[in-house]
Each structure stands twice: as C-alpha cells, then as structure tokens.
Amino acid sequence: MNTSDIHNQRMANMTFSSVYPMYIAKVERKGRTIKELHQVITWLTGFDDEKLQELIDKKVTFETFFQKAKLNVNAPLITGLICGYRIEDIENPLTQQVRYLDKLVDELAKGRKMEKILRGS
C-alpha cells in the first residue's frame with residue numbers, strides 16, 4: 001500500500017518521545033509492563049535502556065531514531081494490519097519501521113506471548 005508523501009514526512013518528523021508515553025499507557029492499561037515494552041523495543045532496534053532514555057531525552061525524531069537503530073534481521077516477519085495499513089506492503093522504509101514498532105506494541109498490549117512477538121527469538 002502506498003502512503004502519501006505527506007504521511008511519510010509526518011512520520012519522519014514525529015518525535016519518539018511524544019509517542020513513547022502512549023506506548024507505555026497502552027501496554028500498562030492491558031496489564032503489561034514497561035520492562036516488556038523495552039524488551040520489544042530492544043529486540044526491534046538494538047537499543048538498551050540507557051540508549052533508549054538518551055534518545056527520549058534528546059527528543060529525536062522517528063527518522064533519527066531508526067537511523068541510529070540496528071534493525072533486527074527478523075523485523076520483516078512482522079506482518080499484518082496496523083492503523084489500516086498492511087505492514088508488508090508499505091513502500092517507504094521509515095514508515096514501515098515505525099509501523100513495525102506500532103505492531104509490536106499492539107501485540108504486547110493484546111496479551112500475545114513474548115516468544116511470538118519476538119518472532120521466535
């Protein structure tokens with residue numbers, strides 16, 4: 001699925017620190033923990049807690065966030081619908097990476113087993 005240039009630019013310019021509290025609220029509302037949230041973020045990006053906090057404090061954009069990330073080799077196994085978009089069909093790499101993260105957070109909040117969320121890792 002093609003996303004518009006405006007949509008892609010909006011995703012690139014959004015700060016991770018503005019979305020992070022929403023991720024926390026979503027997973028905690030469903031009985032999951034910040035530790036589990038960090039586990040899925042670490043799996044996807046390679047960031048440890050210290051690096052993640054540094055990026056939050058610096059208020060980096062998603063573009064910078066994913067430029068600094070070492071994306072997990074199994075990230076392309078993240079498929080399905082998120083926010084009305086089929087992840088595997090998103091052509092813009094950055095928008096796809098943001099949607100990978102959204103999907104992982106969604107799966108965590110829905111109570112999926114960690115082994116499945118981390119694609120068997």
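Answer yes or no as to whether THR33 is among the hydroxyl-bearing types (Ser, Thr, Tyr) and either under 11 Å from the mean Cα position of the chain (by Cα) or under 17 Å from MET11 (Cβ atoms) (or both).
Numbers: among the hydroxyl-bearing types (Ser, Thr, Tyr): yes; either under 11 Å from the mean Cα position of the chain (by Cα) or under 17 Å from MET11 (Cβ atoms) (or both): no.
No; evaluated as a whole, the condition is false for this residue.
Just to be sure, is TYR100 out of contact with any Ser or Thr (no Cβ under 9 Å at 6 or more places or on another chain), closer than 27 Å to ASP5 by Cβ and surrounded by 13 or more Cβ atoms within 10 Å (Cβ to Cβ)? When the stated conditions are applied, TYR100 passes them. Remark: pairs (first residue in the stretch 66-89, under 17 Å from PHE16 (Cβ atoms); second residue surrounded by fewer than 14 Cβ atoms within 10 Å (Cβ to Cβ); Cβ separation under 7 Å; 6+ apart in sequence or on different chains) = ALA69/GLY46; LYS70/GLY46. Of the listed requirements (1) surrounded by 13 or more Cβ atoms within 10 Å (Cβ to Cβ); (2) modelled with pLDDT under 95; (3) among the polar types (S, T, N, Q), ASN74 misses just one: (2).
Across the stretch 78-92, what is the number of residues that are in a helix (DSSP H, G or I) and under 14 Å from the mean Cα position of the chain (by Cα)? Working first, answer last.
Of all residues in the stretch 78-92, those in a helix (DSSP H, G or I) come to 87-89.
Still in the running and under 14 Å from the mean Cα position of the chain (by Cα): 87.
Matching residues across the stretch 78-92 total 1.
Restricting to the stretch 4-60, name every residue that is open to solvent by less than 50 Å² (accessible area, probe 1.4 Å), hydroxyl-bearing (Ser, Thr, Tyr) and part of a helix (DSSP H, G or I).
Step one: of the stretch 4-60, the residues open to solvent by less than 50 Å² (accessible area, probe 1.4 Å) are 7-8, 11-12, 15-17, 19-20, 23-25, 27, 32, 36-38, 40-41, 43-45, 47, 52, 55-56, 60.
If we keep only those that are hydroxyl-bearing (Ser, Thr, Tyr) too, we end up with 15, 17, 20, 23, 45.
Correct list: SER17, TYR20, TYR23, THR45.
Tallying residues that are in a helix (DSSP H, G or I) and either surrounded by fewer than 21 Cβ atoms within 10 Å (Cβ to Cβ) or of a type in the set (S, T, N, Q) (or both) within the stretch 104-116 yields 6. Applying a threshold of 7 Å to beta carbon distances and a minimum spacing of six or more residues, or different chains, the list of pairs starting in the stretch 90-115 at a residue that is within 16 Å of HIS38 (Cβ to Cβ) and ending at one that is of a type in the set (Lys, Arg) and part of a helix (DSSP H, G or I) reads VAL105/LYS26; ALA109/LYS26. Evaluation of GLU50 against the conditions (1) touching a residue at least 60 places away in the same chain (Cβ under 8 Å); (2) farther than 16 Å from ARG119 by Cα; (3) among the acidic types (Asp, Glu) shows that the sole unmet condition is (1).
The values are calculated or read from the model by the stated rules, or taken from the named source; none is laboratory data. Since the structure is predicted, the reported quantities are computational estimates derived from the model, not experimental observations. A quick note on method: Cβ atoms are made from the backbone with ideal geometry, for glycine too, and the neighbour counts reach across all protein chains shown. In case anyone asks, the SASA skips ligands and DNA or RNA and just uses the protein heavy atoms, side chains included. Shrake-Rupley method; radii C 1.70, N 1.55, O 1.52, S 1.80 Å.
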